[in-house]
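Below: the structure, in structure tokens.
Values quoted throughout were computed directly from the atomic coordinates according to the rules given, and no laboratory measurement underlies them. Just so you know, these numbers come straight off a predicted model, no measurement behind them. Every residue, glycine among them, receives a Cβ derived from its backbone with ideal geometry; neighbour counts consider all protein chains shown.
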Amino acid sequence: MHTALPKLALPLLLGLLVGPARAGLYAVDQTTYSEANGFFAAWYQDTHGRALDLCLSKAQSTRVPGSFMCNLLPAPGVFDETLPIAFPGNFPDEAFWFTGDAAITDAATGIDLLYVSALEAAFGGGLPAAGDQVSFARIRIRVTVPVAGTYTITHPYGMDVFEVDAPGTRAINMTRDIGIGAPGDFSGALKGNIGPFLRSVNGPYVETNPVTNLPETFIGDPNVLEEVSGSPFGTNFVRIEGPNGLRAETRLFAISGKLSTVELPTPLIVERASYSRDAGAAQQQDFFTLAPPPPASVNYTDTAGTSGAMRGNATGAWYGQSGGTPLPGASVSFSADNSLAIPSSTANTVSAPLVDLVTISRAEYSLVSGLLTVEASSSDQSGQPTLTVDGLGDLVSGRLQVPITSIPPASVKVLSANGGSDSEEVEILP
């Protein structure tokens, strides 16, 4: 299901990624580049706190005896999986921190689909060589379809829409590789579509490494097909929908990934720390973070020094609210702990400034008058912080109108003195 070279395949048609996109990887090892792992990053950590080692173990599956728990792909003259792994003389030309693959073969609809999701290690020149190591996050979709039309493919890491003019074998043929940069720089894959890592609902699996005689833990077994969890969108399946009600789906994946034992801080990303208060006494502070889902715990300490627990869901989104008196610009601190689910996770604390919410209600430019009109408000109705259209001037009573004799701006940004901001595309009036 994988190719040896990290090349971006040119699709035969336009594939459009739609719906929400979210980085699912949190961190990558930047220190443990050793000969044992081919001088690649030793691990990647996802936003749910799981860190996966580069999977080079020769532990075998007890479900499918004689089969490796890692995707060790033989390559004649390059890598012999029956011999000891040694860099560069006997090292895989492609290896993986994670793979999650699925397939649909539906004779009734004529659909033949291959889905690949992977976090891959490879070499810029194709063959193992010192100083040529690269990594990337891959989504690959290849489908044979019976008729022309619009096809929507929903998968664990998003949704892609394809317009097919010529049906047939691999009429849909898309590979999206993100992260290939300068050799030795493995940070680019953090911006890819992979993550959090899918994992078998029947795992984790513990198998013995025959080289070290030590137990190792795996999030799945690539030799069997199983249902999974971990999709950031709750779409733990691959589904294709097409013309005339055509539809096919699978929830079975082949998953590989070896859990790392390295101690790492619990992932914690602050999405928003904002406040509102009206002209009366009503006030509140609202907090949004991303962190591992329960049983992890996330707590806040507001600008008044009051602490409280936040509520989290299965995709790792957390929310908390405080009725304490807000102090604009002061720090709100957040703490997350995922040690109940992953013993190697350590507690983590992150701070962010408390800001107001700015809302642009009007952004218009008149071609006749040459006037740009911007109207906006702050969630701080009692403090009434100064609002400024970036580069153009302050709003008065929530409004700014300025002449622009040259080309009108495509968008405007309004900044609040209390830290909030909002951007809006400018509507052009005849």
*If you take the beta carbon distance between Val147 and Thr105 as r and set R0 to 25 Å, what does 1/(1 + (r/R0)^6) give as a FRET efficiency, to the nearest 0.05?*
0.90
*Would you mind counting up the charge near Thr99? Only other residues with Cβ under 15 Å from its Cβ, with Lys and Arg at +1 and Asp and Glu at -1.*
-3
*Sequence-separation-based contact order of the chain, relative, with Cα cut under 8 Å and 6+ spacing, percent*: 13
*Neighbour-count order for Thr373, Thr105, fewest beta carbons within 10 angstrom listed first*: Thr105, Thr373
*Can you give the net charge of the other residues whose Cβ lies under 11 Å from the Cβ of Arg142, counting K and R as +1 and D and E as -1?*
+1
*Each label point is 7 Å from the Cα along the Cα-to-Cβ direction; what then is the distance between the points at Glu424 and Gln283, in nm?*
2.7
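Pop the C-beta distance of Asp165 and Val402 into the FRET formula with R0 = 41 Å and round what comes out to the nearest 0.05.
My answer for the efficiency is 0.30.
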*Taking neighbour Cβ counts within 10 Å as the exposure measure, how do Trp97, Trp43 sort from fewest upward?*
Trp43, Trp97
*Give me the net charge of Ile255's neighbourhood, meaning all other residues with Cβ under 9 Å from the Cβ of Ile255; Lys, Arg count +1, Asp, Glu -1.*
-2
*Estimated FRET transfer efficiency when R0 is 56 angstrom, pair Arg247-Thr82 (beta carbons, to 0.05)*: 0.80
